[in-house]
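The values are calculated or read from the model by the stated rules, or taken from the named source; none is laboratory data. These numbers were taken from a predicted model, which means no experiment stands behind them. Neighbour counts are summed over all protein chains in view; Cβ atoms, including those assigned to glycine, are modelled from backbone coordinates with ideal geometry. Just the protein is used for accessible areas: all its heavy atoms, side chains included, with ligands, DNA and RNA removed. Shrake-Rupley method; radii C 1.70, N 1.55, O 1.52, S 1.80 Å.
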Amino acid sequence: MKHLINTKDFDLKTIENILDKAKLFKHEGASNLLQDKLIITIFFENSTRTRSSFEVAAKRLGANVVSLDVSKSSSSKGETLFDTAANLDAMEPNAIVVRHKNAGVPKILSNYVNCPIVNGGDGSHAHPTQALLDLFTIKEHFGELKDKKIAIVGDIKNSRVANSNIELLSRFGLEVIMVAPPHFMPQTTHFRQTHEIKEVIDEVDIIMSLRTQTERHSNQIYASLKDYATDFCITKKLVEDRDILLLHPGPVHRNIDIDDEMLSDPRCKVLEQVKNGVFTRMAVLNHLISGVNDQS
Ligand code: NCD
């Protein structure tokens, strides 16, 4: 049984096939590849776009979608996660998409069900489909990925988006530079790190700005988001006319992560990422459920 818990679950060839399939869906539309299949989404943590993106993706492939409303589900009545999973599994879905505030939950659930589990984000561990859609967006823009440099800027330490992107993008030959204040910098030595965005602005091809993960801080470890913005907000004044692709997984803290001017600049691909997310998730669901993307 194939699952997508983190980006390492897919080898390079599989990812290339998935991206090719996503491109095909984007340019040639979709057929009812998943007709009569049942996909359950269960989000124990809030989601602005990931959940709807998965649901739109499933519906575009002709699948039936059931979204569990967690606030109304039995979890809030004390049912354990595993009993919830076993009950969902008894309905014989073809895939379950799960998001949870605790890292590791999708992996554990995958041991209790008979269908693919897709991780829609678990704690600060992983968000594999976000990284895949980011890779799709970068590839669509540049074509060739090797030796491209990306600055990942912000709360890297607490970001599952950063974690998944660092693994995936470096595997595809991109050079990752981490830009963050000391309290948001992970304790890793594998990648170049700096506290000054200005230090790398002339050499990067891509900037990925991240939201400050306030919900994952046990106490406030910075003076204020405004102070943070002074040094790390991606502004027009900083970027000037440089040829840089600007990404953000959303939700954006306006004028903290990216300023209004850059958000409406054509180099900023936030909404393109959202659009590409649907095609990428279509390709992922299709791969996990029918495994046919390799033949096309
Ligand atoms: C991210 C998430 O929830 O992990 N958003 C998303 O899925 N598009 C990033 C975030 O919450 O900052």
The correct ranking of Ser224, Ser159 by accessible area at 1.4 Å, largest first, is Ser224, Ser159
For Lys13, the aspartates and glutamates lying under 14 Å Cα to Cα, once residues fewer than eight places off in the same chain are dropped, come out as Asp294
Projected onto their principal axes, the Cα atoms of the range 64-206 stretch, largest extent first, over whole-Å spans of 54, 35, 23
Set Lys148/Lys269; Lys59/Lys275; Lys2/Lys107; Lys26/Lys107; Lys146/Lys236; Lys23/Lys157, cut-off 20 Å on Cα-Cα distance; pairs above it are Lys26/Lys107; Lys146/Lys236; Lys23/Lys157
The answer for Asn102, listing residues at least 5 apart or on another chain whose modeled amide H is closer than 5 Å to its amide H, is Gly123
Residue-ordered couplings for the range 210-215, obtained by feeding phi - 60° into the Karplus form 6.51 cos²θ - 1.76 cosθ + 1.60 and rounding to whole Hz (Gly and Pro as x), are 10, 7, 5, 7, 3, 5
With all protein chains present and a 1.4 Å probe, the order of Phe82, Phe232 from largest accessible area down is Phe82, Phe232
Rounded to 0.05, the calculated FRET efficiency for the beta carbons of Asp83 and Lys275 at R₀ = 45 Å is 0.75
Expected unfolding gain across Lys237-Asp36 under the 0.36 nm per residue rule, minus the alpha-carbon gap, is 67.2 nm
D (µm²/s, integer) via Stokes-Einstein for the range 175-296, Kirkwood Rh across alpha-carbon pairs, 10 °C, 1.306 mPa s: value 97
Taking a probe of 1.4 Å and leaving out DNA, RNA and ligands, the range 150-296 shows per residue an accessible area in Å² of 43
Of Asp11, Asp122, Asp134, the most mobile residue in a GNM of the chain (C-alpha springs, cutoff 10 Å) is Asp11
Connecting every pair of Cα atoms under 10 Å apart in the chain and solving the GNM, the largest mean-square fluctuation among His190, His27, His100 falls on His190
With only helices counted (DSSP H, runs n ≥ 4, each -39500 (n - 2.57)), the per-residue ellipticity at 222 nm for the chain, to the nearest 500, works out to -11000 deg cm²/dmol
Computed on Cα atoms only, the convex hull of the range 95-163 has an orientation-averaged projected area in nm² of 5.7
Expected field for Leu210, accessible surface area in Å² at 1.4 Å probe radius, rounded to 10, holds 0
Filtered hits (aspartates and glutamates, Cα-Cα < 17 Å from Lys149, offset >= 8 within chain) -> Asp134, Glu140, Glu167, Glu175, Glu196, Glu199, Asp202, Glu203, Asp205, Asp243
Semi-axes of the chain from the Cα gyration tensor (sqrt of 5 times each eigenvalue, largest first, whole Å) come to 32, 23, 16
One quarter of the C-alpha convex hull surface, i.e. the mean projected area of the range 11-69 in nm², amounts to 5.0
From the Cα centre of the range 235-296 to that of the range 5-66, the distance in Å is 16
Expressed in nanometres to one decimal, the distance between label points 7 Å along Cα→Cβ at Asp265 and Ser67 is 3.3
One finds, for Lys59 and Asp9 with R0 = 22 angstrom and r their Cβ-Cβ distance, a FRET efficiency to the nearest 0.05 of 0.35
For Val97, other-chain or 5+-apart residues with amide H closer than 5 Å (H placed, Pro excluded) are Ile40, Thr41, Ile42, Val118
Phi angles of the range 173-185, converted by Karplus (6.51 cos²θ - 1.76 cosθ + 1.60, θ = phi - 60°) into ³J(HN,Hα) in whole Hz with x for Gly and Pro, give x, 7, 8, 9, 10, 8, 10, 6, x, x, 6, 10, 8
Residue span Asp20 to Thr188: 0.36 nm per residue of separation minus Cα-Cα distance leaves a gain in nm of 57.2 nm
Simple spin-label estimate for Ser75/Asn102, 7 Å along Cα→Cβ, in nm, reads 1.0
Candidates Arg160, Arg192, Arg49; GNM for the chain (alpha-carbon contacts under 10 Å) flags as most fluctuating Arg192
